[in-house]
Amino acid sequence: MNGSLLSLMQITGIAPKLLQVAEKVLSNERITLDDGNMLFREGTLPFLSLLAETVSRRVSNNHVFFNRNFHIEPTNICVNHCAFCSYRRRKGEDGCWEYGIEDVKEIVSSYKNKGATEVHIVGGVHPDRDVYYYADMLKAVKDCFPTIHVKAFTAVEIDSMCRQAGLSIEDGLQLLKDSGLGSMPGGGAEIFDEQIRQKICPDKTGSNEWLRIHKIAHHLSIPTNATMLYGLIENYRHRIEHLERLRILQDETKGFNAFIPLKFKHYNNSFSHIKETTTIEDLRNYAVSRIFLDNIPHLKAYWPMIGKQVAQLSLNFGVDDLDGTIDDSTKIYSMAGSDEQKPSASTDELIAMIKGAGKIPAERDTIYNIIRIF
Ligand code: V47
Ligand code: SF4
């Protein structure tokens, strides 16, 4: 099989150095930083698709996962000043919001008996809400909807809420877990390179700390996701080094469930002058991520950000997860100019997208147990 695939590639004129990388991938051997960099620079789309799909099939066996979820963004008030953010507001500024625990309970109640299995809670880094406040919020969510899985708070929010309470990350995360936290989303990672970080998110939790918080979560048996914000001012080397740091941590803890590349959207923020990446670039980025991150089981295309059509295309570039139904409950990307201004997908629509890409739709829970195959 591998031999015939390699011969096919030879016939199609793939350069020998790329064939060497293909040989590694097909024989399940880890690729290096230089290999990854070369794939980014020189891999053609069909070549990358073939390799990424080979890796994806090893894990997911042609299934593509989705879940039934909704988001709650308790506040967009944020003490940080990320230059790519279209969402944050200062306290009292026009367009800011701040939901109290009662508001959150009301939102959660409205989703009872509608089939949702997960609530995703993230927001701005609020100046005066500490980890005790958020623990009470999680308890209220679970009181209201005991079976819902709560995936909540980026490492950046957790860093701030624990500091405000004078608690260590270990103690803060344990408190959140005891209050109902089931897993953590992957936001706040941006690009780990500190020089780039200085320019795009100068006051945000640093990369070492982001990784440390995820490591602690994994040690407390809290699974997490990881993201990478791309398409700003970083180069391929920065992206591959970001993936490498995730790969190293994952070797150690095995706590990441999914990796989610986040395409920079440029509407209404300080980087609006930067052109957004092309669809071809987005597909290359998915494929190289899948090939390089051989130890993170799932690769997610977050359709509210890239749109449903590109999300469907990505299913032939290593992606095996479309996130969820969302139900028009997130504003992060619509405020940054996403085509999906009111993101919502029925399960039938997600199933049709997946079948249309030649894959098998599988509804999952947050930790990738299969609920139903369609
Ligand atoms: O950390 C903010 C990004 C992230 C923009 O874990 C932007 O399942 C592009 O992490 N253009 C938060 N990206 C969202 C997030 C996430 C989303 C979906 C699923 C999961 C998961 C996690 O959004 C931030 C930042 O990297 N972001 N502004 C923008 N203009
Ligand atoms: Fe705040 Fe998050 Fe926006 Fe940064 S990306 S300014 S941390 S809301």
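See the values below:
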quantity: Full-stretch length increase - ILE367, ARG163 - with 0.36 nm per residue and alpha-carbon distance subtracted; calculated: 70.6 nm
quantity: Cysteines having no other Cys beta carbon under 4.7 Å from their own, within the chain; calculated: CYS78, CYS96, CYS144, CYS162
quantity: Percent carbon-and-sulfur accessible area, the range 2-57, ignoring ligands, DNA and RNA, probe 1.4 Å; calculated: 57 percent
quantity: Approximate spin-label separation ALA15-SER109, in nm, with each point projected 7 Å along Cα-to-Cβ; calculated: 6.2 nm
quantity: Within the chain, helix-based [θ] at 222 nm, where runs of 4 or more DSSP H residues each add -39,500 (n - 2.57), nearest 500; calculated: -13500 deg cm²/dmol
quantity: Inverse of mean 1/r across different Cα pairs in the range 64-373, Kirkwood, Å; calculated: 19.4 Å
quantity: Directionally averaged projected area (convex hull, Cα atoms, the range 1-137), nm²; calculated: 13.3 nm²
quantity: With Cα atoms, 0 to 90° folded angle of helix 16-26 axis to the chain main axis; calculated: 60 degrees
quantity: Å² of accessible area per residue within the chain, as computed with a 1.4 Å probe and no ligands counted; calculated: 40 Å²
quantity: Förster radius 25 Å - calculated FRET efficiency between ASP328 and VAL59, Cβ distance, rounded to 0.05; calculated: 0.25
quantity: Local net charge near LEU48, Cβ-Cβ under 11 Å (Lys/Arg +1, Asp/Glu -1); calculated: 0
quantity: Amide N proximity, the range 274-310 versus ARG30 label position 7 Å along Cα-to-Cβ, cut-off under 14 Å; calculated: 292-296
quantity: Between the range 82-122 and the range 268-315, the Cα center-to-center distance that results, in Å; calculated: 25 Å
quantity: Gaussian network model of the chain, springs between alpha carbon atoms under 10 Å - residue of ASP128, ASP327, ASP136 with greatest fluctuation; calculated: ASP128
quantity: With Cα atoms, 0 to 90° folded angle of helix 236-253 axis to the chain main axis; calculated: 70 degrees
quantity: Highest-MSF residue in the chain out of VAL288, VAL319, VAL59 [GNM, Cα springs under 10 Å]; calculated: VAL59
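The values are calculated or read from the model by the stated rules, or taken from the named source; none is laboratory data. Computed from a prediction, not measured in an experiment: that's the story for all the values here. Heads up, the Cβs are rebuilt from the backbone with ideal geometry, glycines too, and the neighbour counts pull from every protein chain shown. Just the protein is used for accessible areas: all its heavy atoms, side chains included, with ligands, DNA and RNA removed. Shrake-Rupley method; radii C 1.70, N 1.55, O 1.52, S 1.80 Å.
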